[in-house]
Amino acid sequence: MSATARLVVVWLALLVLLSSTVAATFLPLGHLRSGVAYGIAAAKAGLVLWYFMELRSEEGLTRLAGLAAFGWIAILFLMVAADYLARGWGF
Amino acid sequence: MRDPELHEPFHDLARQRETDRFGMWLFLASEIMLFGGIFAASIGLRVVHPRAYVAASQALHLWLGTANTAVLLTSSLLVALAVEAAKSGRPKRVAWLFIGAALLGLAFAAIKGTEYWLEYREGLMPGLSDAAIESGAQRLFMDLYFVSTGLHAVHLTIGVVLLLTLAARALADKLEGMTASNVALYWHLVDIVWIFLFPTLYLARPA
C-alpha cells in the first residue's frame, strides 16, 4: 500500500471509531460504558501515534520517549483513583 | 525542500535527526503531563459526583463536539500527508496541505466559539452567565470544561500559527523536512488531547 493510501485508510478507521463511540452513548451499556468510551479513545490515539506520528518507523529510544508519558500518567491516575475510590471504606 | 544542515556537536545527520526527534517527544511528554492533571481532576470529580457529572455532560452540545472531533481528525490526516509530501520533496504540496489543516483548525475554533456562545446564552458559563447551573458539582464540571477546552484552544491557536508559518516557508522553498515533521507531531498531539477530552466531557452517560 502506498504511504498516502495507508494514511487515508487510517483516517477512515478513525472516523469509524468516532461514529462507534458516539453510537455507544445511545446504547444501554451499563457499567461497560466508560470502558467502551475510553477503549475507543485509546484505539484512536494508538492509530494517531503509530501511523500519523510515525512511531511505527522510529527507533526504540524515540518510541520509549513517546510512550513514557502515558506510563507516568497511568501512575498518576492509579494514585488519584486509589484515593477517591477507597474513601468511605472506613479504615 | 531545503536539505538538512549538520550542526555542532553532531558528526552525522542520522544522529542529529534522532536527537532532534527525541527532544521533540520529550517536550510532547511534558505536554501530556500538563493535560494529565486535568484528566486526573475529571476522575476525582466523576467518582465523587457520578450523577451530577453525567447530567452536566448531557447538557453539552454532543453533535458540535462530534463534528469538531471529525474536523480535527481530518486536519491530522492533511498534516500527515504534508509530512509524506515533504519526504518526496514537494514543497508546494506541503504548503497547501498545511494551509488546509490550518483552515480546519480555524473551523474547529469557530465551532468551539459557537458552543461557548450557546453555553453563555443557556446560562452554563460559571461566573458570567450561570442561571442554569443546578449544583456545585455541575459548576465544577463546567469549570473543568472551560479550563480544559480553553487550554486546548490555546494549543490549537499556536498550532495554526506554526502551520501557516511553515506553509509560507515551504512556498519559498526554505522548509526543512525535520521542522515540518516536528510541527506535525505537535499538531497530532493537540488532536490526541482532544480525542481524550471528547469522551471525558461529552460522552458521560448513566451507567
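The values are calculated or read from the model by the stated rules, or taken from the named source; none is laboratory data. Keep in mind that this is a model prediction, so the values were computed, not measured. Methodologically, a virtual Cβ is constructed for each residue, glycine included, from the backbone with ideal geometry; neighbour enumeration extends over all protein chains shown.
Considering (1) in contact with a helix residue (DSSP H, G or I) (Cβ under 6 Å, 6 or more places away or on another chain); (2) touching a residue at least 24 places away in the same chain (Cβ under 8 Å); (3) under 24 Å from A:Gly35 (Cα atoms), say which one B:Ala167 fails and leave the rest.
Condition not satisfied by B:Ala167: (3).
From the list B:Ala55, B:Ala41, exactly one residue is more than 9 Å from every other protein chain (Cβ to nearest Cβ), part of a helix (DSSP H, G or I) and either in contact with a Ser or Thr (Cβ under 7 Å, 6 or more places away or on another chain) or small (Gly, Ala, Ser) (or both). Which is it? Steps first, answer last, please.
Working: B:Ala41 fails: more than 9 Å from every other protein chain (Cβ to nearest Cβ).
Going through B:Ala55, B:Ala41 in turn, the sole match is B:Ala55.
Take A:Thr25 and decide whether it is surrounded by 15 or more Cβ atoms within 10 Å (Cβ to Cβ) and touching a Pro at 6+ places or on another chain (Cβ under 7 Å).
Numbers: surrounded by 15 or more Cβ atoms within 10 Å (Cβ to Cβ): yes; touching a Pro at 6+ places or on another chain (Cβ under 7 Å): no.
Judged against the criteria, A:Thr25 is not a match.
Out of the residues in segment B:111-153 that are free of Cβ contacts under 8 Å to residues at least 60 places away in the same chain and of a type in the set (Phe, Trp, Tyr), state the one that is nearest to B:Asp191 (Cα to Cα).
Across segment B:111-153, the extreme among qualifying residues is B:Phe146.
Looking only at segment B:181-202, count every residue that is surrounded by fewer than 24 Cβ atoms within 10 Å (Cβ to Cβ) and either small (Gly, Ala, Ser) or not in a helix (DSSP H, G or I) (or both) and tell me the total.
Result for segment B:181-202: 1.
For segment B:58-76, give me each residue that is facing another protein chain (nearest Cβ under 8 Å) and free of Cβ contacts under 8 Å to residues at least 24 places away in the same chain. First the steps, then the outcome.
So the first thing to find is which residues in segment B:58-76 are facing another protein chain (nearest Cβ under 8 Å), and the list is B:62, B:66, B:69-70, B:73-74, B:76.
The answer is B:Ala70, and nothing else.
If we keep just the residues of segment B:77-110 that are at the interface with chain A (Cβ under 9 Å from one of its Cβ atoms) and within 24 Å of B:Phe198 (Cα to Cα), which is surrounded by the fewest Cβ atoms within 10 Å (Cβ to Cβ)?
My answer is B:Leu77.
Given the criteria surrounded by fewer than 19 Cβ atoms within 10 Å (Cβ to Cβ) and over 19 Å from A:Val48 (Cα atoms), does B:Leu60 qualify?
Values: surrounded by fewer than 19 Cβ atoms within 10 Å (Cβ to Cβ): no; over 19 Å from A:Val48 (Cα atoms): yes.
So B:Leu60 does not fit the description; no.
Can you name the number of the only condition in (1) exposed (fewer than 13 other Cβ atoms within 10 Å of the Cβ); (2) within 12 Å of the chain's Cα centre (by Cα); (3) not hydrophobic (A, V, I, L, M, F, W, C) that A:Gly39 fails?
Going through (1) exposed (fewer than 13 other Cβ atoms within 10 Å of the Cβ); (2) within 12 Å of the chain's Cα centre (by Cα); (3) not hydrophobic (A, V, I, L, M, F, W, C) one by one, A:Gly39 breaks only (1).
Taking interchain pairs and intrachain pairs at least six residues apart, which have beta carbon atoms under 6 angstrom, with the first residue in segment A:1-30 and without any contact (Cβ under 8 Å) to a residue 24 or more places away in the chain and the second outside any loop (DSSP other than H, G, I, E, B) and charged (D, E, K, R)?
Every condition considered, the pairs that remain are A:Ala3/B:Glu84.
Scan segment B:54-67 and give yes if some residue there is among the polar types (S, T, N, Q) and at pLDDT below 95, otherwise no.
no
Select from segment B:171-204 the residues that are within 10 Å of chain A (Cβ to nearest Cβ) and in contact with a Lys or Arg (Cβ under 6 Å, 6 or more places away or on another chain) and list them in ascending order.
Once the filter is applied, which keeps residues that are within 10 Å of chain A (Cβ to nearest Cβ) and in contact with a Lys or Arg (Cβ under 6 Å, 6 or more places away or on another chain), segment B:171-204 yields only B:Ile195.
If I go through segment B:7-38 residue by residue, how many of them are without any contact (Cβ under 8 Å) to a residue 24 or more places away in the chain and at the interface with another protein chain (Cβ under 7 Å from one of its Cβ atoms)?
The number of residues fulfilling the criteria is 6.
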